[in-house]
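Here is the structure we will look at.
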Amino acid sequence: AKSLGEGRTWFSDDALRAELTEQADLEAALSDALARGEFELHYQPVVDLATRDVTGFEALIRWNRPRCGTVRPDLFIPAAERSDLICDIGRWVLHEAGRQLVAWRAEGTVGEHVRVAVNLSGRHLARPTLVADVVAALTATGVPPQALVVEATETTVLDGDEVLANLRALRALGICVSLDDYGTGYTSIEHFRTLPLDTLKIDRSFLSSTQAQDEALLGLMVHAAHTFGLKVVAEGVERPEQVELLRSLGCDLGQGFLFSRPVPAAAVAELADLLRAA
Ligand code: C2E
Ligand code: CA
Ligand code: CA
Ligand code: CA
């Protein structure tokens, strides 16, 4: 394990992966973690590329595992997705993110236009109780539907009629639906016409690529999304020149380490000031 100097420790992926696969009852451990309140949400700003305004935050889950430090989601979300535990986690995320947004609003940390985005897994999005779960979280926390964004990956959205019906119902309530990791799956542009979507999040592999063709593809995606009335978010913005490129291509919003890494809720007030001043 190496220390990152913030009092937190990240285990090397290999060591942790080995430990977690060894543990036959990882699922039980995750279930306990949920009951004990060991999960935490970190928040990463989504920034308007033209004005630099923060339009929202994506909530990203972390597991503060006793004696292990912070565990990243790719090391435990796949395990949670093997059972309905992921739905319990999804409900927790919806409540926690909603509660936090309402607290930030009350403190004046964020304006009324700022949204919070949550990641829901395919298994949860396909459940008949999905819409009721989301509505329960909105009601319990007092978040208006327009302030919530539900992120669903490309593969999930194309996975079946249950998911599509649920996403349509969420949109009918005024909730925003965002297609995550776009470009990694097989959604043809023609699908944009019929899919229940508000936003397209272009996968960061398109930004990290230095190939001229990928730049051209980015431009095409932005254009196609706009043709169907979708907003476009570029993921993985790390360098200033990428902002220039994205703006020249007409991309609306950006998210990435250039603006901020995901941070704990307590650091968001400071971050909002910094980004306003930038
Ligand atoms: P994602 O939804 O695509 O989230 C974006 C990931 O990219 C985050 O990783 C974020 O920290 C990282 N990222 C942001 N900006 C940059 C950048 O400029 N450069 C690079 N290299 N990376 C950047 P994270 O937080 O480790 O999350 C990984 C994945 O775990 C997420 O990918 C999402 O699929 C899943 N996940 C996270 N939180 C949740 C959750 O609450 N529920 C579910 N079901 N899945 C979650
Ligand atoms: Ca996401
Ligand atoms: Ca993504
Ligand atoms: Ca991803």
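The values are calculated or read from the model by the stated rules, or taken from the named source; none is laboratory data. Keep in mind that this is a model prediction, so the values were computed, not measured. As a convention, Cβ positions derive from the backbone with ideal geometry for all residues, glycine included, and neighbour counts pool all protein chains shown. Just the protein is used for accessible areas: all its heavy atoms, side chains included, with ligands, DNA and RNA removed. Shrake-Rupley method; radii C 1.70, N 1.55, O 1.52, S 1.80 Å.
Summary of values
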read-out	value
Space enclosed by the convex hull of the alpha-carbon atoms of the chain, per residue, Å³	141
Relative contact order of the chain, pairs being alpha-carbon contacts under 8 Å that are 6 or more residues apart, as %	18
Efficiency of FRET from Cβ geometry, Asp48 and Ala267, R₀ 22 Å, rounded to 0.05	0.60
Accessible area per residue, Å², the stretch 204-278 with all protein chains present, probe 1.4 Å	54
Cβ-based net charge around Pro144, under 13 Å, with every Lys or Arg adding one and every Asp or Glu removing one	+1
Protein accessible area in the chain, 1.4 Å probe - carbon and sulfur %	52
Relative contact order (%) - the stretch 184-265, alpha-carbon pairs under 8 angstrom, separation at least six	29
Inter-centroid distance (Cα atoms) of the stretch 54-118 relative to the stretch 191-225, Å	25
Square roots of five times the Cα gyration tensor eigenvalues for the stretch 176-227, Å	20, 12, 9
The stretch 67-207, relative contact order in percent, only Cα pairs under 8 angstrom and at least six apart counted	20
Normalised per residue, the volume of the convex hull around the Cα set of the stretch 14-139 (Å³)	137
The stretch 180-241: GluC sites (Glu not before Pro) in DSSP coil with no more than 14 other Cβ atoms inside 10 Å	Glu238
Rg(Cα)/(2.2 N^0.38 Å) for the stretch 196-278, N = residue count	1.18
Gain on full stretching of the segment that runs from Glu81 to Asp161 - 0.36 nm per residue minus C-alpha separation	26.9 nm
Local electrostatic count, Asp181, Cβ distance below 10 Å [Lys/Arg +1, Asp/Glu -1]	-3
Paramagnetic label zone (point 7 Å from Cα along Cα-to-C-beta, Ser205; backbone N under 19 Å) in the stretch 38-81	74-75, 78
Those residues of the stretch 158-177 whose amide nitrogen sits under 11 Å from the label point placed on Asp198, 7 Å along Cα→Cβ	170-177
Counting all C-alpha pairs of the stretch 124-278, share separated by more than 19 Å (%)	59
The stretch 15-139, accessible area per residue, ligands and nucleic acids excluded (1.4 Å, Å²)	43
Solvent-free Debye scattering, log10 I(q)/I(0), computed from the Cα coordinates of the stretch 156-248 at q = 0.10, 0.19, 0.21, 0.22 Å⁻¹	-0.27, -0.89, -1.04, -1.12
